[in-house]
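*Asks:* Take this structure, written in structure tokens, and hold onto it; I'll ask about it next.
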Amino acid sequence: MAHCIVPEAEEILDKEYPVLDKGFVRLVDYFGGDQRIVQSARVSYGEGTKTVSQDGALIDYLLRHQHTSPFEQVVMTFHVKMPIFVARQWVRHRTGRMNEVSGRYSIMKDEFYVPAEDKVSPQSTDNKQGRAAEAFDKKTADDIIAKLEKGQEDAYEGYNELIECGLAREIARINLPLSLYTEFYWEMDLHNLFHFLKLRLDSHAQYEIRVYAEVILEICKKVAPMATESFINHMNQGVNFSGEEMRALRDIMDGKPNPLEGKKLERFNEKIRTGVQL
């Protein structure tokens with residue numbers, strides 16, 4: 001098969017999708033699509049692509065049974081702009097390749113993330129690394145946002161003063177806060193991108209990285225729609241049960257009491273509720 005062209009992907013190349021207050025995601029380039037996945041899977045016995053329905057069934061089978069290598073044949077390159085604290089979570093996905101703007105060479109822009117009023121929430125009482133579902137009242141939220149903006153303004157003013165006095169950029173930048181926006185090019189194959197999306201689309205993921213994942217999911221639908229549909233069905237909206245949980249399900253279906261207790265029962269019930277909500 002020659003170079004794989006996906007018309008829907010071509011239409012959105014270099015299109016800027018706004019995220020948060022000042023961020024964005026752009027699809028810079030892509031290699032392959034659904035056709036590349038099926039062609040790669042069928043190469044072992046020399047057959048090319050078949051009908052769309054057969055291609056879709058094959059892709060679904062491959063993803064459902066975790067035959068991952070054909071999905072690695074599809075690669076996307078993104079240009080993303082996000083707050084540094086989001087980028088620090090992003091780079092935990094080490095299968096991606098990235099090149100970030102450097103504060104050693106460039107003067108950093110006066111661009112900081114300020115959360116919307118409805119995203120300013122207290123610490124969760126049952127999640128040590130997350131915020132509560134309910135936001136602060138308007139007055140409290142406005143006071144908090146004002147303090148955040150004042151801190152950002154002071155930090156950038158100090159940064160500018162250090163630059164103007166001749167301090168090396170690599171030192172002048174060190175007091176800039178995590179809310180500062182950064183930019184980078186990020187490349188990842190579709191198999192690992194689906195793993196990224198599985199984690200970052202989850203309701204427990206931090207809001208600020210989740211909204212980027214939502215945009216990338218929409219871009220994936222343009223590049224590889226059948227593969228993305230299969231991902232949504234089996235990985236994003238699917239629920240996996242352990243062997244012990246499967247035995248409990250069989251007992252329940254046979255009219256027997258649920259043998260799970262304590263934390264195991266809580267996790268089991270959470271999976272059931274998640275599945276129902278999906």
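The values are calculated or read from the model by the stated rules, or taken from the named source; none is laboratory data. All values reported here derive from a predicted model rather than from experimental measurement. Using ideal geometry, Cβ is built from the backbone for each residue, glycine included, and neighbour counts are taken over all protein chains shown. Each accessible area value is taken on the protein alone, full model and side chains, heavy atoms only, with ligands, DNA and RNA left out. Shrake-Rupley method; radii C 1.70, N 1.55, O 1.52, S 1.80 Å.
*Asks:* Which of N175, N240, N258 moves the most in a Gaussian network model of the chain with Cα springs under 10 Å?
*Replies:* Its mean-square fluctuation being the largest, the pick is N258.
*Asks:* Keeping all protein chains in place and using 1.4 angstrom, which order do T77, T95, T182 fall into by accessible surface area, from largest down?
*Replies:* The ranking, largest first, comes out as T95, T77, T182.
*Asks:* Sticking with this one: Return a whole-number percent for the relative contact order of the chain, with Cα pairs under 8 Å and 6 or more residues apart as the contact set.
*Replies:* 24
*Asks:* Please go through the residue pairs K22/K109; K198/K221; K109/K138; K15/K81; K15/K222 and name each one whose alpha carbons sit more than 19 Å apart in this structure.
*Replies:* Long pairs (Cα-Cα over 19 Å): K109/K138.
*Asks:* Which residue, L217, L62, L148, has the most motion in a Gaussian network model of the chain that connects Cα atoms within less than 10 Å?
*Replies:* Of L217, L62, L148, the Gaussian network model singles out L148 as fluctuating most.
*Asks:* By how many nm would the segment from Q123 to F241 grow when fully extended, if each residue of separation counts as 0.36 nm and the alpha-carbon distance is taken off?
*Replies:* Full extension of this stretch gives 39.4 nm more.
*Asks:* Rounded to the nearest 0.05, what FRET efficiency do L249 and A116 have when you use their Cβ-Cβ distance and R0 = 51 Å?
*Replies:* Plugging the Cβ-Cβ distance into 1/(1 + (r/R0)^6) gives 0.80.
*Asks:* Ranked by accessible surface with a 1.4 Å probe, highest first, in what order do I37, I84 come?
*Replies:* Result, largest first: I84, I37.
*Asks:* Next question. Just for the Cα atoms in region 28-183, what are the lengths along the principal axes, largest first, rounded to whole Å?
*Replies:* 66, 44, 24 Å, listed from the longest principal axis down.
*Asks:* Now a separate question. Taking the alpha-carbon centroid of each part, what is the distance from region 1-33 to region 139-198 in angstrom?
*Replies:* Taking the Cα centre of each part, region 1-33 and region 139-198 sit 25 Å apart.
*Asks:* Just to verify a number: what accessible area does T125 come out at with the full protein assembly present, 1.4 Å probe, Å² rounded to tens?
*Replies:* 140
*Asks:* Using bins 5 angstrom wide from zero, how does P(r) for the chain break down, in % of all Cα pairs?
*Replies:* That works out to 1, 5, 10, 12, 13, 13, 12, 11, 9, 6, 4, 2, 1, 0, 0, 0, in percent per bin.
*Asks:* Sticking with this structure for a sec: Can you tell me which of F184, F85, F241 moves the most in a GNM of the chain? Springs connect C-alpha atoms under 10 Å apart.
*Replies:* Judging by the Gaussian network model, the answer is F241.
*Asks:* Largest first, what is the accessible-area ranking of S242, S230 with a 1.4 Å probe?
*Replies:* Largest to smallest exposure gives the sequence S242, S230.
*Asks:* Please find the FRET efficiency linking R92 to R131, where r is the Cβ-Cβ separation and R0 is fixed at 25 Å, and quote it to the nearest 0.05.
*Replies:* Between R92 and R131 the formula returns 0.80.
*Asks:* Would you mind calculating the relative contact order of region 63-193 from Cα pairs under 8 angstrom and at least 6 residues apart, reporting the percent as a whole number?
*Replies:* It rounds to 51 percent for region 63-193.
*Asks:* Given a 1.4 angstrom probe, what's the average accessible area per residue across region 69-183, in square angstrom?
*Replies:* 61
*Asks:* Counting only other residues whose beta carbon sits under 12 Å from that of R250, what net charge do I get with K and R as +1, D and E as -1?
*Replies:* Combined, the nearby Lys, Arg, Asp and Glu give -2.
*Asks:* Calculated FRET efficiency, H67 and K109, Cβ-Cβ r, R0 35 Å, to nearest 0.05?
*Replies:* Efficiency computed from Cβ-Cβ geometry: 0.20.
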